[in-house]
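Notes follow the structure.
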Amino acid sequence: MPRERGQSAGRRVFIQYLAASPILSALRALAQEPSSTPARLLEALGERPIGAAKDAISVFDFEAVARQKLPPAHYGYLATGVDDDRTVRANREGFDRLALRARHLVDVSRLDTTTELFGRRLELPLFLCPAASQKAFHPEGELAVARAAREERQLMMLSSEGTSAVEAVIAARGEPVFQQLYPTAEWRITQSLVKRAEAAGCPALVLTVDLPLGTNRDTSRRFSRLDSRSCAACHPDQSFAAYVRRKPMFDGLDLAGVTDSVVPGMTWDFAKRLKDSTSMKLVLKGIVTREDAALAVEHGADAVIVSNHGGRSEESGRSAIDCLPEVLEAVAGRLPVLVDSGFRRGTDIFKALALGARAVGIGRPYLWGLAAFGQEGVEVVLRLLRAELETVMRTCGTPALRHITRDSVIASR
């Protein structure tokens, strides 16, 4: 009996401790929001954001710093999805449906993480997705990202709505970048954007096809309501000309009659016309079905990116990693298939490679790093992902990317 009373007392002390600790409130928060990120868990636990890039344990550490440093409207623009952000959450949840098959007694003392795209050697099967308005996150914007990409030898894609000129970004990167394109409805503007990228030496043009007019970004608008700043200096009105005033790609262009950078009437004929108008490789970004993948091949695309714009372009509730297999099946090896949207871990990258992707793109993670600590933050994000990918390659007995196959993953139960 004395022993039982002692055990009961011990349990009561433990329960009292648990009730008073931040752990219980964090678990309650997670129960209410199962898809919470690790950054939200750390916030619930009361952990302070890191003070230096070198202190990061995972890319999620940078999210907490970015949220702290950025004005609410800018953070909301970065974080937002569409409607209820279901697709943003689905992008993360999709990885949980794949499990790794660990293999052992394989010599993994040396790893080969290189791959090839359009004759270009990539040190990692990784690329930095195009993202607009990067000076909204850090004063050096795309130039800081380009220098980080140079230091870590990573492929960079530049948004046509970036806040740094393509020529300056290429100089900072030390080699040509891929140029993303929002074409506008005016072919003359499209031609000007294409010719400038071509003249700068860009080897590939990345046409975004998944962003229709009028996406309903509730989260962005809600964060904007929390922002007490006057935004008139950067956004004096809602016209397209005012929007691109700080977008160097549009410098010197006659924008009369142009009301938006996206083309609601864009069809496969437009993609074919674009392909025929340039010597650059044409990559279609936003392909998520077997039907569109087959049409991409038919219309001369040189590669496709499976993407839902990180959940910013649609509220399908379907993850990019779930879309990848059917696109790969339709393409049938006739062109490279890349993928982005929701990638945060080396295990995520590995799973996409196992399904058959050539390379994986990241967006928000490097922008968190940029907002948190500038160039150094981006560099550390890339190093963390490299280290995580190398760890899982060793775990699964795959010393080179060619050893990562469909047998490396299995459906999770």
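Only the coordinates and a few stated rules stand behind these numbers; no lab work does. Keep in mind the model is a prediction, meaning the values are calculated, not measured. Methodologically, a virtual Cβ is constructed for each residue, glycine included, from the backbone with ideal geometry; neighbour enumeration extends over all protein chains shown.
Points to keep in mind about this one:
- Under 28 Å between alpha carbons - lysine pairs in the chain that sit 8 or more apart or on different chains: 23
- Theoretical FRET efficiency, 1/(1+(r/R0)^6), r = Cβ-Cβ of Thr267 and Lys195, R0 25 Å, to 0.05: 0.65
- Spin-label model, Ser316 to Trp187: label points 7 Å out along the Cα-to-beta-carbon direction sit 3.0 nm apart.
- Here the extension length gained between Asp260 and His403 equals 47.0 nm, from 0.36 nm per residue of separation less the Cα-Cα distance.
- Distance-filtered residues of the range 349-383 - backbone nitrogen under 19 Å, label point 7 angstrom along Ala52 Cα→Cβ: 369-383
- Within-11-Å neighbourhood charge of Ile410 [Cβ basis; K, R +1; D, E -1]: +4
- When the Cα positions of Tyr182, Ala52, Gly342 are compared along the charge dipole of the chain, Ala52 comes out farthest toward the positive end, with charges on each C-beta of Lys, Arg, Asp and Glu.
- Computed lengthening from Arg413 to Val297, 0.36 nm per intervening residue step minus Cα-Cα distance: 38.3 nm
- Within the chain, the whole DSSP H helices whose Cα atoms reach 15 Å or more along their own axis and whose mean Kyte-Doolittle score is at least -0.5 are 22-32, 141-152, 187-200, 320-331, 364-395.
- Helical mean residue ellipticity (222 nm; -39500 (n - 2.57) per DSSP H run of 4+; nearest 500) of the chain: -13500 deg cm²/dmol
- Cut-off 9 Å between beta-carbons: net charge of the residues surrounding Gln134, Lys and Arg +1, Asp and Glu -1: -1
- Length gained on full extension, Asp276 to Arg121, computed as 0.36 nm times the residue gap minus the Cα-Cα distance: 53.2 nm.
- Protection proxy ranking for 176-182, 190-196, 151-157, using the average of other Cβ atoms within 10 Å per residue and placing the highest first: 176-182, 151-157, 190-196.
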